[in-house]
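A short worksheet on the structure shown next.
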Amino acid sequence: MRVRVAVYAIGHEGKWRIRRSLDLRVDVLWWGQRFCATPGSARMVLLSAATALSSAVRLEQRFEPRTEMSGWDPRKWGLWFRERMEEEAGRGMNGDAALGGQALFGGSGEVLHSGTGVWMWDFRQAMPEQVLRLLERPAGPGQAAGALAELGGMSDALVERVSGRSLLAAEVDALLQEMAPGLAGAWHSAAQLASLQGRLALDAGLADAGPRRGGGLLRMGRPRLPRCRRCGSEATGRTPCAACGRADCAYCEACLALGRSRACSLLLRSAARDPAVRAAAGPSTAAVRGRWGLSAAQGDAACAALGFLAEPPRRGSAAPGGRADRPLAPARHARFLLWAVTGAGKTEMIFPLLGAILERGGRVLVATPRRDVVLELAPRLAKAFPDTRIVTLYGGSDERWREGDLTLATTHQLMRFYQAFDLVVIDELDAFPYHNDPMLAYAAEHACKPDGKFVYLSATPPRPLQKEAARGRLPHAKVPVRFHGHPLPVPKRIALKSIEQCLRQPMLLKRLSSHLSLSLERGAQIFLFVSRIRHIDPLVAILRRMLGGVCIEGTSSEDPFRAEKVTRFRRREIRLLVTTTILERGVTVPRSDVFIADADSSLFDEASLVQMAGRAGRSAEDPAGRVVFASPQWTISQKRAVNQIKSMNRIARKNGYL
């Protein structure tokens, strides 16, 4: 669909602004009803009946009203508008698209009327002939009110369906086809009324970068690029566009998988909902533990987080969007970190938090980086909250347009939400793809209400968050012990040449194989982590010879049989599994030992070492599993990983959790 909008100026008591419209008839009725009976001068000036959305948005944002505009006639307004559009043409716009024909496009893109040029309506006088032709019949105040009331029902239904959403026009069509077929293909007029009422925002998919500020070297730097309103990324893609006529219409490549967000595409976002729901203050640790079956450490952490949720919003909190000159700067929401060791039962700890918001009528989002975690958590949440509407969202989900009180989603799905949730819980904060991806962090911020709150869950929070917590700038709670109450296994180090060298001289692996034999003799399942996929097959072959009779397999992200091998490993059909960090999370195997070869590799940071070590000692039957770092060097990442584990054990011992 060619997204064209009408552009007009509206002035009251000498104050002018530029507006754009998906259906100009709605605006004529709206402003006519508002100003016809209002004292003082008020005028509406049609500048173009069909202008590319991107041009209209830029014109509105860059508009600088002048005092003399109140004395302009239609000819003067037309000259001003033509000058502005010629500036657009200088930016690469096709001339016909920039100046626009005078065809007026309606809700589904069809031509409704033809205009003959700029017209002006002084609301103290009768409607001009052009407006009467536009409306097809005279419309007095009573008739205008009736027409708007009739459209209001459709507007209400649309706002309800897209509440808390951020959707491109094609996504709105898809949502309505499934959830409200009566509105599909005929929602533009209703959207325009909701926009005038302040209930919906109708924007271009990309925000104009605007002129570079400052002087000197700043002006000589890389040109500023437009940014995607959906994901916050710079729009680096360019392509010829039939919709707006530009030879280099910008589009966002970062979120292309969710549909093409263009400079000229329509993005519909709901306005801010009611203020965020706060949790009730005052539950005791004993009450929380009793209701949700938590351990002492879990209960203490959950109560600390509940206290955070009960706090009033911070003063000066702003809606995502920030200042007017920084339209894409997300607000800094209040945050809380639940720092829980691997195997501590993070999911059970968030149940009291979810319940505290849901019981007060709020909406909660639990976001996790991986689809398999969404599918694993869904039945657990359904069991904990049987009377709650739960929606699960991931690529290919058949629930993507449904609205729930509790939404469980992969982080990429957050780009379709806008100011929807009272509480956002980010699980596995440090994991790919959320970690170090500003796009997903931006989407998460915008999915939360302006005065809503964030809870981060992590066993290995990024170092900046660790520093914030240590300095008292980030409210947090540590859960330093697993549910079974035993200390975390502390890694031991053995000196071993690099695997690359060991593969050339297999006898160098003898020391490693002797330690592997000890684990096999005690009946343990062994994770052997390596840094390179190419090392897996030759290492498996050598270990099979050295540990004859033991079932040894290897797997990685490139292995089509990975799931099958993990299942066999859990069943003890495979005793030793050589793998990469693809299995550092989400896999629990009773009676496991962990060996990390090339532990000094730059690919293994503190977080990944702690996560891999966390595969050992997770079961109550075997809480003291072995963890071995095998490497030629003792790196800072290994030292920090060991210190983090020891620190958690000290805290657990000090607090009486062991």
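The values are calculated or read from the model by the stated rules, or taken from the named source; none is laboratory data. No experiment lies behind these values; they were computed from the predicted model shown. Neighbour counts are summed over all protein chains in view; Cβ atoms, including those assigned to glycine, are modelled from backbone coordinates with ideal geometry. Remember, those area values only see protein heavy atoms, side chains included, never the ligands or the DNA or RNA. Shrake-Rupley method; radii C 1.70, N 1.55, O 1.52, S 1.80 Å.
Could you tally the net charge around residue 338, taking each other residue with its Cβ under 15 Å from the Cβ of residue 338, Lys/Arg +1 and Asp/Glu -1?
Cβ neighbours under 15 Å give a net charge of -1.
Debye calculation, C-alpha points only, no solvent: report log10 I(q)/I(0) for the stretch 423-518 at q = 0.10, 0.22 Å⁻¹, in the same order as the q values.
One equal scatterer on each Cα of the stretch 423-518 leads to -0.53, -1.15.
Can you compute the helix-only [θ] at 222 nm over the chain? Use -39500 (n - 2.57) per DSSP H run of at least 4 residues, normalise by all residues, nearest 500 deg cm²/dmol.
-10500 deg cm²/dmol
Stretched out fully, how many nm does the piece from residue 653 to residue 389 gain, at 0.36 nm a residue minus the Cα gap?
Additional length available on full extension: 91.0 nm.
Expressed as a whole percentage, what fraction of the accessible surface of the chain belongs to carbon and sulfur atoms when a 1.4 Å probe is rolled over the protein heavy atoms?
Taking all protein chains in place, the chain shows 50 percent carbon and sulfur surface.
Using the heavy atoms of the protein chains and a 1.4 angstrom probe, tell me the accessible area per residue for the chain in square angstrom.
The answer is 43 Å² per residue.
Roughly how many Å² of residue 534 are accessible to a 1.4 Å probe, to the nearest 10?
150
Sum up the charges of everything whose Cβ sits under 13 Å from the Cβ of residue 441, counting Lys and Arg as +1 and Asp and Glu as -1, but leave residue 441 out.
Residues near residue 441 contribute -1 overall.
Given a Förster radius of 30 Å and the C-beta distance between residue 197 and residue 133 as r, what FRET efficiency does 1/(1 + (r/R0)^6) yield to the nearest 0.05?
Efficiency for this residue pair is about 0.70.
Taking a temperature of 4 °C and a viscosity of 1.567 mPa s, what whole-number D in µm²/s does Stokes-Einstein yield for the stretch 354-415 with Rh from Kirkwood over alpha carbon pairs?
111
Find the Rg to Rh ratio for the chain, where Rh is the Kirkwood radius over alpha-carbon pairs and Rg uses the same atoms.
Ratio of gyration radius to Kirkwood radius for the chain: 1.07.
In square angstrom, rounded to the nearest 10, how much accessible surface does residue 292 have for a 1.4 Å probe?
Surface accessible to solvent at residue 292 totals approximately 50 Å².
Mind jotting down the distance between the C-alpha centroids of the stretch 561-640 and the stretch 1-67, whole Å?
If you average the Cα positions of each part, the centres end up 63 Å apart.
With r as the distance between the Cβ atoms of residue 557 and residue 247 and R0 = 41 Å, compute the FRET efficiency 1/(1 + (r/R0)^6) and round to 0.05.
So the FRET efficiency works out to roughly 0.55.
Alpha carbon centre of the stretch 347-362 versus the stretch 456-490: separation in Å?
21
Just subtract the alpha-carbon distance of residue 470 and residue 224 from 0.36 nm times their residue separation and send over the number in nm, one decimal.
84.9 nm
Rounded to the nearest 5, what % of DSSP beta bridges with both residues in the chain are antiparallel?
45
Looking at the P(r) of the stretch 487-557, how many percent of alpha-carbon pairs lie beyond 19 Å?
35
Which value, in Å² rounded to 10, gives the accessible area of residue 467 with a 1.4 Å probe and all protein chains present?
100
Can you give the extra length, in nm with one decimal, that the chain gains between residue 533 and residue 281 once fully stretched, where that is 0.36 nm per residue apart less the Cα-Cα distance?
85.6 nm
What does the net charge come to around residue 644 if you take all other residues with beta carbon closer than 13 Å to its beta carbon, with K and R at +1 and D and E at -1?
+3
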